[in-house]
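First comes the structure, then the notes that go with it.
Every number in this text was worked out from the coordinates using simple rules, so none of it is lab data. The structure displayed is predicted, hence computed values, not measured ones. Using ideal geometry, Cβ is built from the backbone for each residue, glycine included, and neighbour counts are taken over all protein chains shown.
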Amino acid sequence: MNAMPGGIFAGYEIQGVLGRGGMGTVYAAQHPRLPRLIALKLLNQDVAADPELRARFEREATLVARLDHPGIVSVLDRGIEDGQPWLAMQYIQGTDTTRLDPRTLTVERAVRIIGEVASALDYAHGQGILHRDVKPANILLTTAEAGRMERAVLTDFGIGRLLASNTQLTSSGTFVATLAYAAPEQLSGDPVDARSDQYSLACTLFALLTGHAPFAGTDPGQVVTGHLVKPVPPIGRPDVPPRLNTVVARAMAKHPAERFRSAGEFAAAAAAVVVQGQSGIPYPPGAPTIQYRPQPPVSGFVPADFPAAQFVGNSAPPLYDAGTARRSPWGAVWALVLGCFLVGFSSSGLVSGYSEIFSDLNAGSDTMDWLTLGNLLAFTVPLLVGGRLGDRFGPKNIYLIGLAGLILSSAGCFPAASMWWIIAGYAIQGLSAGLMLPQTLAVIIRTFPADRRGAALGLWAGAAGLATLLGPVAGALLIERWSWRAIFVAGIPIGLIALALAAVLVPALPAQRRRTDPIGLLLSAVALGLLTFGLSEGTNRGWGDPRVLGPVLAGAVLLGLFMLVQARTSAESLVAAQVFRNRNVVLSNLAAMAACAALASTTLPLFFYLQEVQGFSSLKSALVLAPAAVVAAICAPIAGSISDRAHPVVVPAVGFAFYGAAVLGFVALISARAPSLAFAVPGAVAGLAIACTWASLAAMATRALPAPGAGTGAGVHLAARQLGAMIGAAASGTVLTNAISDAYGGAITAFVAAVRTAMLTTLVFVLLGGIAAAFLTRGRSAAGDVQAGFSDGYAETVNGHRPQ
């Protein structure tokens, strides 16, 4: 090879070196037949021996040859000389944007450069091609000459991909991109699309104005963490309009669906902010205003909630509601928490009125079981479906539909004249709750950074615990003062207030347009339905009954098959693969299941003891757990906030220790036939346990969830909790029933022993939950998972160079 100045290579006369990189060298060369310079790109011989890198080099020629745009460096020819691949490309006389000094670069000029690159990107996206490595070094600037203005040109499509085939990492699993400018979905291995290039373009604008990338650093792990979980830092320049920071933050949203619909729309929004913020003419003088109409968006990723930008001339594009974007998410959390409380109140409050309902409506034995079973089936079966609906149509919309259904079904149950009427209305309440609850978690996941959502999830968990434990108190009080029908009426004002607050305060987050996974939906619904039926009927029919054992075994097999399929399938699956492949997510969901099982297995024998042995009324029995409810509601946000900063094991481990202490305290008081006030102490300890476990485990279980699947990921967590509660109730109910049968006709001490035996089963769930929590690890969040992927090496680090 003769690539020295003056030498001839593949017919081109080498003039000099333009640049060198890990892949190869770019030379200025004279065309053999035309009076023009070209850029000759040669792949290094050592790199050419790597099949994947060689394919990457050849891919650039193939992709760029399909593009014809003034803002994209064109490929003129390619070939192999002496075994060395080469490309002949358009020569751009000028420099790249890394040479620009942010101290002298005006905001107007930087935004104009970004606008020209955005036009090139939208053209490439319209041709079905992604760039995947947008950064300052890949943006060339033509030299301004007489009559010709400076122009930005995009180069290096070496890791570009066709949109249709771009769903995974490279075949070897190696990350290829420049870390400092990579979108979160590139780092986490999620599917990428045109919005990934938009994210990198926004990083580039940030770098042009500040001199460094948004999450710059020498430690790749810190850079990855920044992209995945940290908020976008503001551009620290006094001449930058504040709204430009908002525009950049939106283009760099962690979740692609929350970005602009196209790179052009982002550039148009940025240009509009700059035009509105100054009265002069953008740099350089005489430069034409960006004339941009975005290309038709690529099918499959356009969120319905964003208006299309039509920025022409000096007119400003329709921007999104900046006030909404800057609004604190805490208002939405409080609105959602009220809805969560209503769900728990409607469910647990009615339990106190079962006997009155059965007596008043002359219920037969064949209908009594269906009241609880119908509600459980209607709630549990659609949890993942409800989460998917929220992802598809927006969590706010589905939440409001579910809340409206809950209110209407409550009103419909008030005049019920038959048992089947109540069963139908109560089942609709369960279905409405199944639609609502996944959205509450999804909104928190999508509006709070992963490392700062613990307090919000603590508030959410505290409301759930408060409603679960105080619902029986309120229900018993309403029945004692009025009637069981008052339970349905009492929830309507709360529901109307929650509906109004949610309509105003909950943001309309973008919908996620992904294909439906019918197999996943069917498997999850059937598996949850079979398990719910079997676990609910086991105590009544006996676990050896084929009508119980069959559904439980079939449901377990189908649930395992569902998890296996979802963990191995592509991004079109119902649930993000991280839910079943991420260690911390799996362990957190298992520990949450154990925590809910522990609570359920405690309350059933405790209520039996208070009512049947101590002779307490329903109201007095429910009041025993009031301290637990109050403590849980107060302490859960605190525990959630601590879990954001502490090692993942600490808070849940403390919670399970409190669970164990509370159970032993209850057992000791039951054995001693202690007065009712004494139960407040272990009750308060149980409240601390609920606060520590529910909040911290919810935070850990959702920390690695990607936004496109936030709803279904939330549905998985809720399904785990619900299954845990049913397992706990079934276990303690079975033990209690058997123990009571053995003690029937005996002394009261025999019944006390039966309750004590059932209560001690809780310790099994406490132990299992503690074991699961003990294996949680720091750094296995979304950021940590990606950092682990870099431990064996990465293609390019923060500066874009391959490590030696």
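The table for this structure:
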| quantity | calculated |
| --- | --- |
| Mean Cα-pair separation over length for the stretch 461-615, i.e. relative contact order, pairs under 8 Å, 6 or more apart, % | 15 percent |
| Shape category assigned to the stretch 447-574 from the gyration tensor of Cα positions, a/c cut at 1.5 | oblate |
| Ranked V473, V504, V134, V667, criterion: other C-beta atoms within 10 Å, fewest first | V504, V667, V473, V134 |
| Extension reserve of the Q127-I80 stretch, reckoned as 0.36 nm per residue once the Cα distance is removed | 14.2 nm |
| Approximate spin-label separation L561-W543, in nm, with each point projected 7 Å along Cα-to-Cβ | 2.4 nm |
| Residue-count net charge about G715 - beta-carbon cut-off 10 Å; Lys, Arg +1, Asp, Glu -1 | 0 |
| D101 versus T737: modelled label distance in nm, points set 7 Å from Cα along the beta carbon direction | 8.3 nm |
| Where a label projected 7 Å from the Cα of N362 along Cα→Cβ would reach, residues of the stretch 471-487 with amide N under 20 Å | 484-485 |
| Virtual spin-label span in nm between T749 and T142, 7 Å along Cα→Cβ | 10.0 nm |
| Packing-based exposure ordering (other Cβ within 10 Å, fewest first) of Y27, Y399 | Y27, Y399 |
| Estimated vicinal HN-Hα couplings, Hz - the stretch 539-547 in sequence order (Karplus 6.51, -1.76, 1.60; Gly, Pro = x) | 5, 6, 8, x, 6, x, 5, x, 6 |
| Centre separation in Å (Cα based) which lies between the stretch 602-666 and the stretch 192-232 | 44 Å |
| Reachable lysines from K620, criterion Cα separation under 22 angstrom, eight or more residues apart if same chain | none |
| Residues in the stretch 383-401 reached by a label modelled at R568 [backbone nitrogen below 16 Å; 7 Å Cα→Cβ] | none |
| Binned Cα-Cα distances of the stretch 173-271, short to long, each 5 Å bin given as a whole percent | 2, 14, 26, 26, 19, 9, 3, 1, 0 |
| Nearest-0.05 FRET efficiency for A657 and L553, computed from C-beta distance (R0 45 Å) | 0.85 |
| Likely footprinting exposure, S74, S352, fewest C-beta neighbours within 10 Å first | S74, S352 |
| Karplus-derived 3J(HN,Hα), 6.51/-1.76/1.60, for each residue of the stretch 591-598, Hz, glycine and proline x | 5, 5, 4, 5, 5, 5, 5, 5 |
| Global form of the stretch 514-638, assessed from the alpha-carbon gyration tensor, a/c cut-off 1.5 | oblate |
